[in-house]
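Take a look at the structure below.
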Amino acid sequence: MVQCEMCGASVSSPKTVKIEGAELDVCNDCADFGTEIKTQQSSSSSTKYSTGSSSSSSGGSTGSSGTSGSGGSGRSRSRSDMFDDMDEIVTDYDERIRSARENKDLSQSDLANELNEKASLIRKLERGDTLPSDDVQSKLEKFLDISLSGSVAADDEEWSGGSSSGEYTLGDVVKRKD
């Protein structure tokens, strides 16, 4: 039996579904949340672009399909997530902005004028109602001489969820609004 990657239910024949850009093996109930992906495994082994054992036999040929096929599969394995290189905004960004502004003896409207932004944006940032865009974040960091970026590694260590088998499913993380 396989576990549904969304709710964790035991499934004898899961469906592969694309949900929010991710391909998941899910139960029939969770399949409604995405688009079912049709698998073509039987026909892929007969094509010349297959990445299975037939690609190793075509390695000696001078055609470009053998090299691009194996090169493409190698790239997909070593491809990194775009979010790996991004810094995340610290959770206390609102306090950092407020205290740095007050240390420079500036009002919210004075800071807004210096950054060429609206005072309402500065108010929302200091209340924590909105996250700064990349442009506003860099302006704030330069002008106030603060850092609003931090790493996420500490959040990953605090995670204590998971199923009885020790594997995590999407259902362990997501809270549904019904």
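The values are calculated or read from the model by the stated rules, or taken from the named source; none is laboratory data. Every value quoted in this text rests on a predicted model; they were computed, and no experiment measured them. Glycine also receives a Cβ, built like all others from the backbone with ideal geometry; neighbour counts cover every protein chain displayed. Side chains included, ligands, DNA and RNA excluded: accessible areas come from the protein's heavy atoms. Shrake-Rupley method; radii C 1.70, N 1.55, O 1.52, S 1.80 Å.
I need the full set of residues from the stretch 85-102 which are among the hydroxyl-bearing types (Ser, Thr, Tyr) and either closer than 15 Å to residue 141 by Cβ or surrounded by 14 or more Cβ atoms within 10 Å (Cβ to Cβ) (or both), in order please.
Step one: list which residues in the stretch 85-102 are among the hydroxyl-bearing types (Ser, Thr, Tyr), which gives 91, 93, 99.
Residues satisfying the conditions are 93, 99.
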Which of the residues spanning the stretch 117-130 are touching a residue at least 12 places away in the same chain (Cβ under 8 Å) and more than 10 Å from residue 94 (Cβ to Cβ)? 117, 121, 122, 123
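Would you confirm, using the coordinates I've provided, whether residue 124 is of a type in the set (Lys, Arg), more than 16 Å from residue 145 (Cα to Cα), open to solvent by 90 Å² or more (accessible area, probe 1.4 Å) and modelled with pLDDT under 95?
Details: of a type in the set (Lys, Arg): yes; more than 16 Å from residue 145 (Cα to Cα): yes; open to solvent by 90 Å² or more (accessible area, probe 1.4 Å): yes; modelled with pLDDT under 95: yes.
For residue 124, the condition - of a type in the set (Lys, Arg), more than 16 Å from residue 145 (Cα to Cα), open to solvent by 90 Å² or more (accessible area, probe 1.4 Å) and modelled with pLDDT under 95 - is met.
Quick one: would you say residue 3 is modelled with pLDDT of 85 or more and within 29 Å of the chain's Cα centre (by Cα)? Let's see the steps before the verdict.
Numbers: modelled with pLDDT of 85 or more: yes; within 29 Å of the chain's Cα centre (by Cα): yes.
For residue 3, the condition - modelled with pLDDT of 85 or more and within 29 Å of the chain's Cα centre (by Cα) - is met.
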Go through (1) more than 22 Å from the chain's Cα centre (by Cα); (2) on the phi < 0 side of the Ramachandran plot; (3) open to solvent by 100 Å² or more (accessible area, probe 1.4 Å); (4) modelled with pLDDT of 50 or more and name the single condition residue 105 misses. (2)
